[in-house]
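Visitor: Handing you this structure, nothing more for now.
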Amino acid sequence: MSTQWYEVKQSHNFGYKMMFFVLKFFPASFMRFLAFFVGFFYWLFGAKARRVSKKYLSKVGKSSSLKHISSFALNLVENVQSWAGKFSFSDVHWQNDDVHDLVDNINAGKGTIIVISHLGNAQMMKGLACMGESGTERKMNITTVSDAKISKGFNALLNEINPDSSFNLVSSDDIGPETILLLQERLEQGGVVVIAGDRVSAHTSRNIEIEFLGEKANFPYGVFLLIALLNSPTYFVTGLRQKDFSLSPQYDMFVSKNPISFDCSRKEREERIRQTAENYAKNLENLCKLHPYQWYNFFDFW
């Protein structure tokens, strides 16, 4: 029986609090060292995680679920670093891609949509932005759209860890005309809306089926419909460790602009929504192949 991400118990808050406590007194490299032991025990006792990992790894020519799960443990440390303001901008390396267009767009005060994924460190860009280390002249006012299961209590956790690191959170459960108007208002003010494009909704079965790593997979229709309705410059952003396993990692940040415009008729909009989802999935697939062990969707994706 397949399991979707929203059916998996989310219970990381206590662990995050403990890691933040340790980070107060020890360097992040010490936490990464401990993460390998945490990853080993999770691998040893997490039969479902091993099963899902092996299925995914078979699609990218890899086989070690231990490495995959250990990489996930390192990612948990990176999340805490992001929220605690412990990331250094000097550790992030930008590519010769659409990052200049993204920075110019933000500096010009234009609203921007950033679509992230659960490949690599989804929190790093937001963490850098909250520290004023995003590389932009203007401070990024970020609004994150996420499922209520994630956002409930999450902002309180961020405020407890670091009051300066919290973001504006909007529950995807509440997306309706009023929410869309709110998001449009924030975009008109030059804000940034961040949303993940690789997890389907728990509240609708309407998805977009796309070829991904050699097999059809479901991507959330609602995310790409929202992108169409907001109709602002949209970028797919991913942060990846240069080396999958390192006590002092360096990071590559990848930015790809969606070339699709939604200045079109409603009839044509549906086709453009699908094209945008396909562009996102193709970009995600290419980066998965580049760093396969940094994929952190531990549920039945296909």
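Visitor: Within the stretch 185-200, restricting attention to residues that are open to solvent by 40 Å² or more (accessible area, probe 1.4 Å) and touching a residue at least 40 places away in the same chain (Cβ under 8 Å), which residue is nearest to the chain's Cα centre (by Cα)?
Guide: Here the answer is ARG199.
Visitor: Here are the criteria: (1) assigned to a helix (DSSP H, G or I); (2) at pLDDT 85 or above; (3) open to solvent by less than 50 Å² (accessible area, probe 1.4 Å); (4) touching a Ser or Thr at 6+ places or on another chain (Cβ under 8 Å). Tell me which single one PHE40 does not satisfy.
Guide: (3)
Visitor: Can you confirm whether the stretch 83-105 contains a residue that is assigned to a helix (DSSP H, G or I), modelled with pLDDT under 85 and open to solvent by less than 20 Å² (accessible area, probe 1.4 Å)?
Guide: Pass one, the stretch 83-105, residues assigned to a helix (DSSP H, G or I): 83-84, 89-91, 99-105.
Then drop every residue that is not modelled with pLDDT under 85, which leaves 83-84, 89-90.
With the extra rule that they be open to solvent by less than 20 Å² (accessible area, probe 1.4 Å), the set shrinks to 83-84.
Looking through the stretch 83-105, at least one residue is assigned to a helix (DSSP H, G or I), modelled with pLDDT under 85 and open to solvent by less than 20 Å² (accessible area, probe 1.4 Å).
Visitor: For THR238, are the conditions met, namely being touching a Leu at 6+ places or on another chain (Cβ under 6 Å) and either of a type outside the set (A, V, I, L, M, F, W, C) or open to solvent by 40 Å² or more (accessible area, probe 1.4 Å) (or both)?
Guide: yes
Visitor: Out of the residues in the stretch 43-59 that are among the aliphatic types (A, V, I, L, M) and surrounded by fewer than 18 Cβ atoms within 10 Å (Cβ to Cβ), which is farthest from GLN242 (Cα to Cα)?
Guide: Kept after step one, since they are among the aliphatic types (A, V, I, L, M), are these residues of the stretch 43-59: 44, 47, 49, 52, 57.
Cutting the leftovers down to surrounded by fewer than 18 Cβ atoms within 10 Å (Cβ to Cβ) gives us 44, 47.
Working: LEU44: 27, ALA47: 29 Å.
Ranking the candidates gives ALA47 first.
Visitor: I've got another one for you. Working carefully through the options SER248, SER256, find the one that is assigned to a strand (DSSP E or B) and open to solvent by 30 Å² or more (accessible area, probe 1.4 Å).
Guide: So the residue among SER248, SER256 that is assigned to a strand (DSSP E or B) and open to solvent by 30 Å² or more (accessible area, probe 1.4 Å) is SER256.
Visitor: If I ask for residues that are hydrophobic (A, V, I, L, M, F, W, C) and in a helix (DSSP H, G or I), which ones from the stretch 175-203 would you list? Spell out how you get there, then give the answer.
Guide: Applying the first criterion (hydrophobic (A, V, I, L, M, F, W, C)) to the stretch 175-203 yields 175, 180-183, 187, 192-196, 200, 202.
Once the filter is applied, which keeps residues that are hydrophobic (A, V, I, L, M, F, W, C) and in a helix (DSSP H, G or I), the stretch 175-203 yields ILE180, LEU181, LEU182, LEU183, LEU187.
Visitor: Right, here's the next one. Could you tell me which numbered condition LEU74 fails, if it satisfies all but one of (1) part of a helix (DSSP H, G or I); (2) open to solvent by 30 Å² or more (accessible area, probe 1.4 Å); (3) in contact (Cβ under 8 Å) with a residue 40 or more places away in the chain?
Guide: (2)
The values are calculated or read from the model by the stated rules, or taken from the named source; none is laboratory data. Everything numeric in this text was worked out from a predicted model, so none of it was measured. Cβ: placed from backbone, ideal geometry, glycine included. Neighbour counts: every protein chain shown. Just the protein is used for accessible areas: all its heavy atoms, side chains included, with ligands, DNA and RNA removed. Shrake-Rupley method; radii C 1.70, N 1.55, O 1.52, S 1.80 Å.
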